[in-house]
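See structure below.
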Amino acid sequence: DMSAEEAAFQARIDAGIKIEAKDWMPDAYRKTLIRQISQHAHSEIVGQLPEGNWVTRAPTLKRKSVLLAKIQDEAGHGLYLYSAAETLGVSRDELLANLHSGKAKYSSIFNYPTLSWADMGAIGWLVDGSAIINQIPLCRCSYGPYARAMIRVCKEESFHARQGYDIMMSLAKGSPEQKAMAQDALNRWWWPSLMMFGPSDAESVNSAQSAAWRIKLFSNDELRQRMVDQTVPQIEYLGLTVPDPDLKWNAERGSYDFGAIDWSEFQNVLKGNGPCNRERLRTRVKAYEDGEWFRDALVAHADKKAAKRVA
Ligand code: 3HC
């Protein structure tokens, strides 16, 4: 049973009142938010790498500048989210150390390689599309700083999804080779995008508590279903094929039934054995180490200015 403090806290949550950084909160609430928000931030930062691979090879200047803008947005999303996590009493260095040591996770989706330009379309359309479905509810989650960070992120994310679908439309309506590129990218990104929503509800260890604390407003499977129902008509519009022979419209449910997800692949990627896990982490560690002199210079400069003010 709950202490008086916990009961008062839960009553605020149930009344839809936002919890702010200065409010009392159960340690476990703080801990699970640090876990989720920091891993969300790590996902944004690592998520820049797959797309970075195609900036120098974009087919036109317009596509290059749009891709650069998207990647820059992701960096900003990461910084908002690290700032939201810091309101819970952790330092950014600590969060980054957890990422670099493999202790903290980032979204499985970023451990796949980007093999063709069509992947830039599939990522914007499917990865950012899934992220939007997951992030819209988070704008209403119980922790104030996280909910507010999500509102700005969602606005920018819809541009990411639209530019991705625009790339897919150009390819799908282009030459047979271009259409084949688009289909190949869809084949490789469809299932990993559905895995972004997390394990099935039955396997989800955090969902029940996160739902009670109104951190998770819809379950993993509910949001995954939303993504399938929203995307299948878009695939048909492109004249492409869903890489799932078991996909079938279920008139009773008003939703699509779809095939089984390969959860062994998902668990493998989470264990660090995905196609690009080691390369992604090595790249992040190198960037952090290469940037040490710059961080040290900023601190030295700030200390000098502070000393002058005191003198
Ligand atoms: N990749 C890596 N780890 C995952 C995962 C995925 N796709 N899905 C679940 N997991 C992990 C969870 O983190 C948890 O491990 P942990 O306890 O060590 O953190 C474990 O698998 C069990 O999953 P649960 O369902 O119990 O965990 P959650 O309740 O945290 O639900 C979640 C998982 C839905 C991803 C939730 O954490 C969430 O909504 N996070 C915020 C959204 C987010 O992180 N999105 C990343 C997408 S990429 C992105 O946003 C960038 C965009 O710009 C493209």
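Every read-out reported here was derived from the displayed coordinates using simple, explicitly stated rules and does not represent laboratory data. Since the model is a prediction, treat every value here as computed from it, not as a measurement. Neighbour counts are summed over all protein chains in view; Cβ atoms, including those assigned to glycine, are modelled from backbone coordinates with ideal geometry.
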- Message: With viscosity set to 1.306 mPa s at 10 °C, what whole-number translational diffusion coefficient in µm²/s follows for the range 114-252 from Stokes-Einstein and a Kirkwood radius over Cα pairs?
- Response: 99
- Message: To make sure I understand, if each residue's beta carbon is the centre and we count other beta carbons within 10 Å, what order do M169, M196, M2 fall in, fewest to most?
- Response: M2, M169, M196
- Using the Karplus equation 6.51 cos²θ - 1.76 cosθ + 1.60 (θ = phi - 60°), what ³J(HN,Hα) coupling, rounded to whole Hz, does each residue of the range 179-185 give in order, writing x for Gly and Pro? 5, 5, 4, 5, 5, 4, 5
- Message: Please list, by residue number, everything in the range 286-300 whose backbone N is under 18 Å from a paramagnetic label point 7 Å out along Cα→Cβ of S101.
- Response: 286, 288-289
- Ranked by how many other beta carbons lie within 10 Å on average, peptides 32-44, 219-231 from highest: 32-44, 219-231
- Query: In the chain, with Lys and Arg counted as +1 and Asp and Glu as -1 at Cβ, which of these residues, F159, Y237, L270, has the Cα nearest the positive end of the dipole, that is, farthest along it?
  - Reply: F159
- Query: Got the relative contact order for the range 193-311 handy, in percent, Cα pairs under 8 Å and 6 or more residues apart?
  - Reply: 15
- Two-decimal log10 I(q)/I(0) for the range 28-85, as the Debye equation yields it once each C-alpha is a single scatterer, q = 0.15, 0.18, 0.26 Å⁻¹: -0.49, -0.62, -0.93
- Please state the relative contact order of the range 1-119 as a whole percent: Cα pairs under 8 Å, 6+ residues apart? 33
- Which order do peptides 65-77, 14-26, 294-306, 105-117 fall in by mean Cβ count within 10 Å, highest first? 105-117, 65-77, 14-26, 294-306
- Please list the non-local residues whose amide H lies under 5 Å from the amide H of A104, H modeled 1.01 Å from N, same-chain partners needing a gap of 5 or more. L99
- Item | Calculated FRET efficiency for the pair A180/S83, C-beta based, R₀ 45 Å, to 0.05 | 0.55
- Sketch the reach of a paramagnetic label on E279 as a point 7 Å from Cα along Cα-to-Cβ, and name the residues of the range 12-49 whose backbone nitrogen lies under 17 Å away. 46-49
- To one decimal place, what orientation-averaged projected area in nm² is obtained for the convex hull of the Cα set of the chain? 19.9
- Give a residue-ordered list of calculated ³J(HN,Hα) values for the range 29-45 (Karplus: 6.51 cos²θ - 1.76 cosθ + 1.60, θ = phi - 60°; whole Hz; x for Gly, Pro). 5, 4, 5, 6, 6, 4, 4, 6, 5, 5, 6, 5, 5, 4, 4, 5, 6
- Just need the relative contact order of the chain here, percent rounded to a whole number, with Cα pairs under 8 Å and 6+ apart. 18
- Query: Can you list the residues, at least 5 places off or on another chain, whose amide H is less than 5 Å from the amide H of Y143, using H built in the peptide plane?
  - Reply: I19
- The FRET efficiency for K248 and A4, from their Cβ-Cβ distance with R0 = 45 Å and rounded to 0.05, is 0.30
